[in-house]
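Reading through the structure tokens given below for one structure.
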Amino acid sequence: MLDSNKTECKNLVRQTLKTAEAIFQEVTTIVPSEWLTSDITVAQLRVLLVLYAKGPGRMSSISSYIGIAISTATSIVDNLVKKALVVRSDDPEDRRLVICTLSTEGRRLINRLWMLGRGQIEKLLQGLTLEQLKKAAEVAGFILTSAKSNRPGAPETNEGRKD
């Protein structure tokens, strides 16, 4: 890629991030009340999201993924078990270890939070024209392709990039 293209790409990334920040500022005024009244802490939400995204895991992998001490992760999971959002079970390979899994209620909570956010996105999209919606759908497709190629373990590719 030419230096001028690199510079233009960096500038466009900065511009897009500034726009995303402005969108965030506008959207915070319409955050669903359920997000603000939940008794789930940010730390608990992080653990729930890890279990949702990565599936069942040992305490060591949860703590490592989030970047916290195992004792902290254990305390957080204890509270999530009390709230019936996480289930603990023995690791079939080593009964001394514990596997943490989202409970049905934990999965429902994450899905409900996503649906609330999805509803907000839908409201924003409904204010666009047909042409703008086509562009938004195209950009969403580009971002999905990039997300898939940036996933850990994904083969490196510049597929879809126009430099």
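The values are calculated or read from the model by the stated rules, or taken from the named source; none is laboratory data. Note that the coordinates shown come from a computational prediction; the quantities given were computed from them, not determined experimentally. No Cβ is skipped: glycine too gets one built from the backbone with ideal geometry, and neighbour counts run over all protein chains shown.
Residues checked against (1) surrounded by 11 or more Cβ atoms within 10 Å (Cβ to Cβ); (2) more than 21 Å from L80 (Cα to Cα); (3) outside the structural domain of A53 (by TED's automatic domain parsing):
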site	(1), (2), (3)
L109	yes, no, yes
Q120	yes, yes, yes
L124	yes, yes, yes
L128	yes, yes, yes
E131	no, yes, yes
K135	yes, yes, yes
E138	no, yes, yes
A147	no, yes, yes
R151	no, yes, yes
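Restricted to the range 49-77, and to residues there that are touching a strand residue (DSSP E or B) at 6+ places or on another chain (Cβ under 9 Å) and exposed (fewer than 13 other Cβ atoms within 10 Å of the Cβ), the residue that is farthest from L113 (Cα to Cα) is S60.
With respect to D78, is the statement that it is without any contact (Cβ under 8 Å) to a residue 60 or more places away in the chain, acidic (D, E) and either touching a Phe, Trp or Tyr at 6+ places or on another chain (Cβ under 7 Å) or in a helix (DSSP H, G or I) (or both) true? So D78 fits the description; yes. Please verify whether A43 is in a helix (DSSP H, G or I), at pLDDT 90 or above and surrounded by fewer than 10 Cβ atoms within 10 Å (Cβ to Cβ), treating the condition exactly as stated. Against the criterion (in a helix (DSSP H, G or I), at pLDDT 90 or above and surrounded by fewer than 10 Cβ atoms within 10 Å (Cβ to Cβ)), A43 does not qualify.
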